[in-house]
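Following: one structure in C-alpha cells, then a few remarks.
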Amino acid sequence: MIVMKFGGTSVESAAAIERVAGIIRPRFEQRPLVVVSAMGKTTNKLLAAADKAAAGNLADALRDAEDLRGFHRTEAGKIIPTESASTMELVLENNFEALETTLEAIATAGQITPLLWDEVCSYGERLSSALVALALPAFGLPAAHLDARSVLITDSRHTQALPLYSRTYSRFKEKAVPLMQGRVVIMGGFIGATADGVTTTLGRGGSDFSAAIAGAGIGAEEIQIWTDVDGMLTCDPRVLPGGHLVKNISFAEAAELAYFGAKVLHPATVQPAIEKNIPVRILNSRRPEVAGTLIVADNVECRNSVKSIACKRDITVVNIRSLRMLMAHGFLRRIFEVFDRYRTPVDMVSTSEVSVSLTIDQTQYLADIEAELSKIAEVTVVPNQALICLVGDALRETPGIAKRIFSALETVNIRMITQGASLLNVSVVVDGADLVRGVEALHQEFFRDLDPEVFQ
C-alpha cells in the first residue's frame with residue numbers, strides 16, 4: 001500500500017484532476033490511498049467569504065459561496081461520468097447548504113471563532129475529495145470516498161489540532177484498509193474531527209501531515225507528496241532559481257529544512273513517517289517522469305558538506321539584555337515562559353552572560369511579549385530580518401564550515417549565527433534586504449563545482 005498526496009494546484013481544475021488520474025493509474029496495483037487538498041485557491045476564497053460574514057456583509061459572503069459552487073460544478077462536471085451527475089449535485093447541495101449555515105453562524109457571532117474557522121475551512125477538502133472520487137471511474141479507476149473526519153481523530157485545539165495517534169491509527173485500519181480492496185480511496189487532507197465529531201483542522205499546509213498520518217495508519221510502504229516542484233532543491237527557487245535537485249536526504253535533514261522554511265514539505269510531516277520508518281518521496285505532478293527526492297530514515301552519504309539552503313523572510317529579532325542574568329539561574333526559564341504563554345515559537349537563540357537574542361516569525365502577540373519582558377530586562381525589537389539555514393549531515397564532521405560561510409558573506413552584515421543542537425544546521429540572520437544576495441553567495445560557495453548527476 002502507498003499514500004499519494006496531491007496539493008491544491010494538482011487538483012485545481014478538470015485538466016489537473018485528469019492528470020492526477022494518469023499518475024495514479026500505473027500505481028493502482030500498489031493500492032493507493034490518495035489525499036487531496038482543496039481545489040486551487042478554494043480555502044482562501046472560503047476565508048474571504050467568512051471575513052465578509054463576520055463584518056456583517058452576509059449577502060456578499062453568500063454570493064462568494066455561490067461562485068464557489070459554480071466553480072466546483074463546472075470543473076467537476078467536465079469529467080464526472082453522466083451516471084454520477086445526480087450524486088455530484090447531491091454532494092454540492094449538501095456541502096454548500098452546510099457552508100451557508102456556517103456563514104450565517106459567523107455573521108450572527110460577528111467574528112470567526114476558532115471552531116467556526118475550522119468548520120468553514122474544511123469545505124474545500126470535503127468537496128475536492130468527494131468530487132475526485134466521483135471523477136476517477138471515468139478514467140478507469142474504481143474509487144471510494146473516505147471522510148477524513150471519520151478516521152483522523154484529534155484533540156479540540158481548533159486551527160492547530162493534534163492527532164490522537166492510537167485512536168487514529170485504529171480507525172485507519174478499521175475503515176480505510178477494507179475500502180482499499182480493488183479501489184482507490186480518496187480522502188481530504190488538513191481536516192479531522194474530535195472524538196465527539198466536531199470538525200478540526202491541522203493548520204494551513206496540514207495535508208502533508210494528513211498523508212503521513214494516513215501512511216502510518218495503514219502501514220504504507222511509501223508516502224508520496226505530489227506537488228508543483230521536482231522535489232527538494234539546493235535552494236528555494238522563489239529566492240534563487242537554478243538550484244539542483246536533492247535526490248536523497250535523511251528525515252533529520254528534511255525536518256531541519258522544513259522547519260527553516262523549505263515550503264515543499266510541511267514541518268510536521270516527517271514525524272509519523274519517522275516513527276513508522278516509512279520513506280517519503282517528493283514528486284512533481286506536472287513532471288511525473290522526474291524521480292524526485294526520497295527521504296529516508298538513515299543518514300545519506302554525500303560528498304557535499306551542505307545538502308541544501310533554506311530561508312525564512314519576515315523574521316523578527318528580539319534582543320533581551322539584563323545585568324541580572326549575570327551568574328543567575330532561572331532567568332532563561334522566565335524568558336521562555338513568556339513566549340510559551342503566548343504560544344509563540346522561537347526559531348533561533350543566541351546567548352551571552354547578560355543578553356539573549358532570539359528570532360520569531362509569528363508577531364501577533366509581540367507587543368504583549370515585549371511588555372512582559374520589559375518588566376525584567378531591556379528589550380529591543382528588530383523587524384524585517386531574514387534567516388538563512390545551511391543543512392547537511394556532513395556539517396558535524398567538516399572543519400572550516402564557519403570560515404567558508406563568513407567568507408561568502410563578507411559583504412553582508414550578519415546579525416546572529418548559531419549551530420543547531422543536532423549539528424545538522426548552521427543558521428545566520430541577515431537584514432531582509434540582503435536575503436537574496438546572501439543565499440546567492442552561499443549557493444555559489446557550496447555548490448559551484450557540483451555535478452548534478454552525482455549529487456545526492
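The values are calculated or read from the model by the stated rules, or taken from the named source; none is laboratory data. Treat the numbers as computed from the prediction; the structure is a model and nothing was measured. For neighbour counting, all protein chains shown are included, and Cβ atoms are generated from backbone atoms with ideal geometry for every residue, glycine included. Side chains included, ligands, DNA and RNA excluded: accessible areas come from the protein's heavy atoms. Shrake-Rupley method; radii C 1.70, N 1.55, O 1.52, S 1.80 Å.
Selection of first residues in the stretch 169-185 that are closer than 11 Å to LEU33 by Cα and of second residues that are open to solvent by 70 Å² or more (accessible area, probe 1.4 Å) and of a type outside the set (A, V, I, L, M, F, W, C), restricted to Cβ pairs under 6 Å at least 6 apart or on distinct chains, gives the following pairs, ordered by first then second residue: MET180/ARG31.
Listed by first and then second residue, the pairs linking a residue in the stretch 136-163 that is under 24 Å from ALA15 (Cβ atoms) to a residue that is among the polar types (S, T, N, Q) and crowded, with 18+ Cβ neighbours inside 10 Å, with Cβ atoms under 7 Å apart and 6 or more places separating them unless they lie on different chains, are HIS145/SER129. With the condition kept exactly as written, say whether any residue in the stretch 76-89 is more than 26 Å from the chain's Cα centre (by Cα), at pLDDT 95 or above and in a strand (DSSP E or B). For the stretch 76-89, residues more than 26 Å from the chain's Cα centre (by Cα), at pLDDT 95 or above and in a strand (DSSP E or B): absent. Every listed requirement among (1) surrounded by fewer than 18 Cβ atoms within 10 Å (Cβ to Cβ); (2) closer than 17 Å to LEU134 by Cβ is met by GLY70 save one, (2). When each of LEU162, LEU115 is tested for being at pLDDT below 95 and more than 19 Å from PHE71 (Cβ to Cβ), the lone residue that passes is LEU162. Of all residues in the stretch 186-198, those that are open to solvent by 10 Å² or more (accessible area, probe 1.4 Å) and not hydrophobic (A, V, I, L, M, F, W, C) total 3.
Being at pLDDT 95 or above and in a helix (DSSP H, G or I) is a condition met by no residue of the stretch 197-206. Applying the selection to the stretch 218-255, what residues are open to solvent by 10 Å² or more (accessible area, probe 1.4 Å) and under 13 Å from the mean Cα position of the chain (by Cα)? Answer for the stretch 218-255, where residues must be open to solvent by 10 Å² or more (accessible area, probe 1.4 Å) and under 13 Å from the mean Cα position of the chain (by Cα): THR227, ALA255.
Among the residues of the stretch 375-392, those that are outside any loop (DSSP other than H, G, I, E, B) and buried (at least 20 other Cβ atoms within 10 Å of the Cβ) comprise GLN385, ALA386, LEU387, ILE388, CYS389, LEU390, VAL391. Collect the residues in the stretch 34-57 that are open to solvent by less than 10 Å² (accessible area, probe 1.4 Å), under 20 Å from THR227 (Cα atoms) and in contact with a Gly (Cβ under 8 Å, 6 or more places away or on another chain), keeping them in residue-number order. Matches in the stretch 34-57: VAL35, VAL36, ALA38, MET39, THR42. Could you tell me whether the stretch 346-359 includes any residue that is open to solvent by 80 Å² or more (accessible area, probe 1.4 Å), modelled with pLDDT of 90 or more, more than 27 Å from PHE446 (Cα to Cα) and not hydroxyl-bearing (Ser, Thr, Tyr)? No; the residues of the stretch 346-359 include none that is open to solvent by 80 Å² or more (accessible area, probe 1.4 Å), modelled with pLDDT of 90 or more, more than 27 Å from PHE446 (Cα to Cα) and not hydroxyl-bearing (Ser, Thr, Tyr). Close contacts from the stretch 250-268, counting a first residue that is farther than 19 Å from GLY203 by Cβ and a second that is basic (Lys, Arg) and open to solvent by less than 30 Å² (accessible area, probe 1.4 Å), with Cβ to Cβ under 6 Å and a gap of 6+ residues or different chains, come to GLU253/LYS307. What number of residues within the stretch 22-46 satisfy the criterion of being more than 17 Å from LEU127 (Cα to Cα) and small (Gly, Ala, Ser)? The total comes to 1.
The residues listed here are GLU353, GLU372; of these, the one that is assigned to a loop (DSSP other than H, G, I, E, B), farther than 28 Å from ALA252 by Cα and out of contact with any strand residue (DSSP E or B) (no Cβ under 6 Å at 6 or more places or on another chain) is GLU353. Checking LEU141, LEU146, LEU162 one by one, the residue that is touching a strand residue (DSSP E or B) at 6+ places or on another chain (Cβ under 7 Å) and surrounded by fewer than 16 Cβ atoms within 10 Å (Cβ to Cβ) is LEU162 and no other. Here the condition is being open to solvent by 10 Å² or more (accessible area, probe 1.4 Å), within 27 Å of TRP226 (Cβ to Cβ), in contact with a strand residue (DSSP E or B) (Cβ under 7 Å, 6 or more places away or on another chain) and at pLDDT 90 or above; of ARG321, ARG313, ARG287, it holds for ARG313 alone.
Within the stretch 165-185, restricting attention to residues that are under 10 Å from GLY217 (Cβ atoms) and of a type in the set (Val, Ile, Thr), the residue that is most open to solvent (accessible area, probe 1.4 Å) is VAL177.
In the stretch 393-417, of all residues being assigned to a helix (DSSP H, G or I) and touching a residue at least 60 places away in the same chain (Cβ under 8 Å), the one that is farthest from VAL300 (Cα to Cα) corresponds to ILE401. Name the residues in the stretch 23-54 that are in a loop (DSSP other than H, G, I, E, B) and more than 15 Å from ALA143 (Cα to Cα), would you? Within the stretch 23-54, SER37, ALA38, MET39, GLY40, LYS41 meet the criteria. Exactly one residue out of ALA148, ALA161, ALA107 is closer than 23 Å to THR42 by Cα and more than 27 Å from the chain's Cα centre (by Cα): that is ALA107.
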